[in-house]
Amino acid sequence: MNLVWGLFFLVGFAVALIQWLAGDATAFEALVTASFDMAKLAVEIAIGLVGLLALWSGLFAIAEKAGLVQWLGRGLAPLFRRLMPEVPQGHEAQGAVTMNLAANMLGLDNAATPLGIKAMQALQALNPVKDTASNAQILFLVLNTSSVTLLPVTIFMYRAQLGAASPADVFLPILMATLASTLTGLLLVMWLQKIRLDLVILAYLGGLVSLVASLVFWLGALPVEQLSGVSGQLANGILMLVICGFIAIGLQRKRPVYEDFVAGAKSGFETAVQLIPYLVAVGVFRASGALDLLLDGLRWLLDGLGISAWFVDAMPVAFMKPFSGSGARAMMLDVMNTHGVDSLAGLLAAVMQGSTETTFYVLAVYFGVVGIARIRYALWAGLACDAAGMLAAILICGWFFT
């Protein structure tokens, strides 16, 4: 990530230098001005996000302390007993894997990472070849990179901060895109590992697909102009149900919900501040003209192939997402700020951000912590999830918002 962040500045400087040598005397002045302006805007955005991030960090802390992660993990256990047959019944790896994925589904990033590391260490204890990724470890990593997220509330918060008319309009498109990404990764790995589709696996996958298919069928009967509005209403209703449900369950479990909320809310400020350096770097990259050159080249290629280029303005998010979550968030915010939060590009950037996870980062952290050197097909399986999620995001947004 150090390399990616540094390249934003270095490439921006190189492009400005070429422009200056070509006779543009204002190239460096524009770059410095953009860095100052973006630093100011980044702080404004970050401060505005502190309250929203504190709210949801606090609510998720209540959910975690009330045992919702463990409850969801128990519900997923029968599925993963079949997807990871080399993990013995009752082994600690089963609980760690299911709890990590449950935390990811609920958007509990702070809980998901330590649980993921614990799961990888437990799977490594069962790995007969310590420097080579096992089948179970690859499946676990691919499911993490595919971003199984049911509550993308952080994206709603970013949209709200930038003045979206209905921040939750992207809820159903994100759910559908992340489902496409997850199913692609899961089915690909199952095929490579020759995991048999039995009734339990079919029941889990069929139930999830049926739920989303029912929503699609219902939405398909609506006029196109009503799609985004209905999606937003449904998402807002679900979010209020989640808020009240977290608090009610915490009270039912006799948790000190206010104290849990305050403890969780403290992390909201840290998360907001982490965005500032990425936003400044992206601002310099865009001001130099490097980003425009990249997107213009992509438009030229698509035009030559006879493909509509309506989605190109949001593609910086797709390019950055496999490498860095923070970098992709900065790209998303840059697209929203440049084109408008409710523009087609802004909506697509939000859906792309929620459709997959950071493949290279996840592989580096989880494999690095247990010393895995040979990752076999984990990388390209994760990139296949990214490609499926981004393609689904484009197709779904084209349906919902155009």
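The values are calculated or read from the model by the stated rules, or taken from the named source; none is laboratory data. As the structure is a prediction and not an experimental result, all values here were calculated from the model. Backbone-built Cβ (ideal geometry, glycine too); neighbour counts: all protein chains shown.
A few comments on the model shown:
- Conditions (1) touching a strand residue (DSSP E or B) at 6+ places or on another chain (Cβ under 9 Å); (2) crowded, with 22+ Cβ neighbours inside 10 Å; number of the one not met by Gly327: (1)
- Hits in the range 206-215 - residues which are under 15 Å from Met105 (Cβ atoms) and either modelled with pLDDT of 80 or more or exposed (fewer than 11 other Cβ atoms within 10 Å of the Cβ) (or both): Gly207
- Unmet criterion (only one of (1) in a helix (DSSP H, G or I); (2) surrounded by fewer than 16 Cβ atoms within 10 Å (Cβ to Cβ)) for Arg376: (1)
- The residues of the range 192-213 that are without any contact (Cβ under 8 Å) to a residue 24 or more places away in the chain and assigned to a helix (DSSP H, G or I), listed by number, are Leu199, Leu202, Ala203, Leu205, Gly206, Gly207, Ser210, Leu211, Ala213.
- Some residue of the range 311-318 being under 22 Å from Leu41 (Cα atoms), in contact with a His (Cβ under 9 Å, 6 or more places away or on another chain) and surrounded by fewer than 23 Cβ atoms within 10 Å (Cβ to Cβ): yes
- The residues of the range 83-100 that are over 12 Å from Leu126 (Cα atoms), over 23 Å from the mean Cα position of the chain (by Cα) and buried (at least 16 other Cβ atoms within 10 Å of the Cβ), listed by number, are Leu83, Gly95.
- Checked against (1) in contact (Cβ under 8 Å) with a residue 40 or more places away in the chain; (2) closer than 26 Å to Ala63 by Cβ, Val189 meets all criteria but (2).
- Looking only at the range 144-157, and only at residues there that are more than 19 Å from Phe323 (Cβ to Cβ) and in a helix (DSSP H, G or I), the one that is modelled with the highest pLDDT: Phe156
- In the range 17-36, the residues that are surrounded by 11 or more Cβ atoms within 10 Å (Cβ to Cβ) form Cβ pairs under 7 Å with partners that are at pLDDT below 85 and not aliphatic (A, V, I, L, M), at six or more places apart or across chains, as follows: Gln19/Gly289; Leu31/Gly12; Leu31/Ser288; Ala34/Gly283; Ser35/Gly283.
- All of Ala180, Ala168 fail the test of being in a helix (DSSP H, G or I) and at pLDDT 85 or above, apart from Ala180.
- The number of residues in the range 127-171 that are among the charged types (D, E, K, R), closer than 23 Å to Gly389 by Cα and surrounded by fewer than 23 Cβ atoms within 10 Å (Cβ to Cβ) comes to 0.
- Pairs where the first residue, in the range 362-385, is touching a residue at least 24 places away in the same chain (Cβ under 8 Å) and over 16 Å from Lys130 (Cα atoms) and the second is basic (Lys, Arg) and in a helix (DSSP H, G or I), C-beta under 6 Å, 6+ apart: none
- The helices (runs of 4 or more DSSP H) found entirely in the range 261-347 that carry 1 or more residues being over 25 Å from Leu363 (Cβ atoms) and modelled with pLDDT under 85 are 275-287, 290-305.
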